[in-house]
């Protein structure tokens, strides 16, 4: 009888510990949202005023960056196009941003991006819906994947 009580107590302790741990991961996900938002903001700033160091710090080596026109960039081509001003953002405004931290290392960021551009010296405007997948790598949030679609008028 004493052994049965011991096992019941141990099982109850394990159940309560599991509940506490799962509640903690939810809080941990919520507490990661400001860090993801800060990384997304640093990327917005780096896209307007690009430097190789800032961009490499924010985008993953395995980046898949989908443009609204169908072009897909890698990390190297994304950074090169910004530095060469083939993709030149004069201003970028972000609105309607939502962040969902899926687990401790992955986050989904959605927002509306409006920008004044000067791609290859040609002034323009763009309005896009963006889906970004961010991954925590080496303790830092990095953009792993991004897809844009044009807003319909």
Among (1) free of Cβ contacts under 8 Å to residues at least 60 places away in the same chain; (2) surrounded by 12 or more Cβ atoms within 10 Å (Cβ to Cβ) - the single one residue 98 does not satisfy = (2)
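Among the residues that make up the stretch 82-92, is at least one of them touching a residue at least 60 places away in the same chain (Cβ under 8 Å) and within 19 Å of residue 48 (Cα to Cα)?
We begin by selecting, within the stretch 82-92, every residue touching a residue at least 60 places away in the same chain (Cβ under 8 Å); these are none.
Taking every residue of the stretch 82-92 in turn, none turns out to be touching a residue at least 60 places away in the same chain (Cβ under 8 Å) and within 19 Å of residue 48 (Cα to Cα).
Scanning for something at pLDDT 95 or above, over 19 Å from residue 40 (Cβ atoms) and part of a strand (DSSP E or B), does the stretch 131-152 turn up at least one residue?
Kept after step one, since they are at pLDDT 95 or above, are these residues of the stretch 131-152: 131-150.
Checking the rest, the ones that are also over 19 Å from residue 40 (Cβ atoms) come to 150.
Next, only the ones that are part of a strand (DSSP E or B) stay: 150.
Checked against the condition, which is being at pLDDT 95 or above, over 19 Å from residue 40 (Cβ atoms) and part of a strand (DSSP E or B), the stretch 131-152 yields at least one hit.
Filter the stretch 85-117 down to the residues that are modelled with pLDDT under 95 and part of a loop (DSSP other than H, G, I, E, B) and list them by number. Before you say what the answer is, go through the steps one by one.
Step one: list which residues in the stretch 85-117 are modelled with pLDDT under 95, which gives 103-104.
104 - this is the single residue of the stretch 85-117 that is modelled with pLDDT under 95 and part of a loop (DSSP other than H, G, I, E, B).
Over 14 Å from residue 88 (Cα atoms) and either in contact with a strand residue (DSSP E or B) (Cβ under 6 Å, 6 or more places away or on another chain) or outside any strand (DSSP E or B) (or both) - does that describe any residue in the stretch 118-128?
Let us first name the residues in the stretch 118-128 that are over 14 Å from residue 88 (Cα atoms), namely 127-128.
Now drop any that are not either in contact with a strand residue (DSSP E or B) (Cβ under 6 Å, 6 or more places away or on another chain) or outside any strand (DSSP E or B) (or both), which leaves 127-128.
Yes: one or more hits.
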request  = Would you tally the residues in the stretch 42-84 being surrounded by 14 or more Cβ atoms within 10 Å (Cβ to Cβ), in a loop (DSSP other than H, G, I, E, B) and out of contact with any helix residue (DSSP H, G or I) (no Cβ under 9 Å at 6 or more places or on another chain)?
outcome  = 3
message = Consider the stretch 131-148. How many of its residues are over 15 Å from residue 73 (Cα atoms) and either in contact (Cβ under 8 Å) with a residue 60 or more places away in the chain or buried (at least 16 other Cβ atoms within 10 Å of the Cβ) (or both)?
response = 7
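The values are calculated or read from the model by the stated rules, or taken from the named source; none is laboratory data. This is a predicted model, so every value here is computed, not measured. Because the Cβ atoms are built from the backbone with ideal geometry, glycine has one as well, and the counts that use them run over all protein chains shown.
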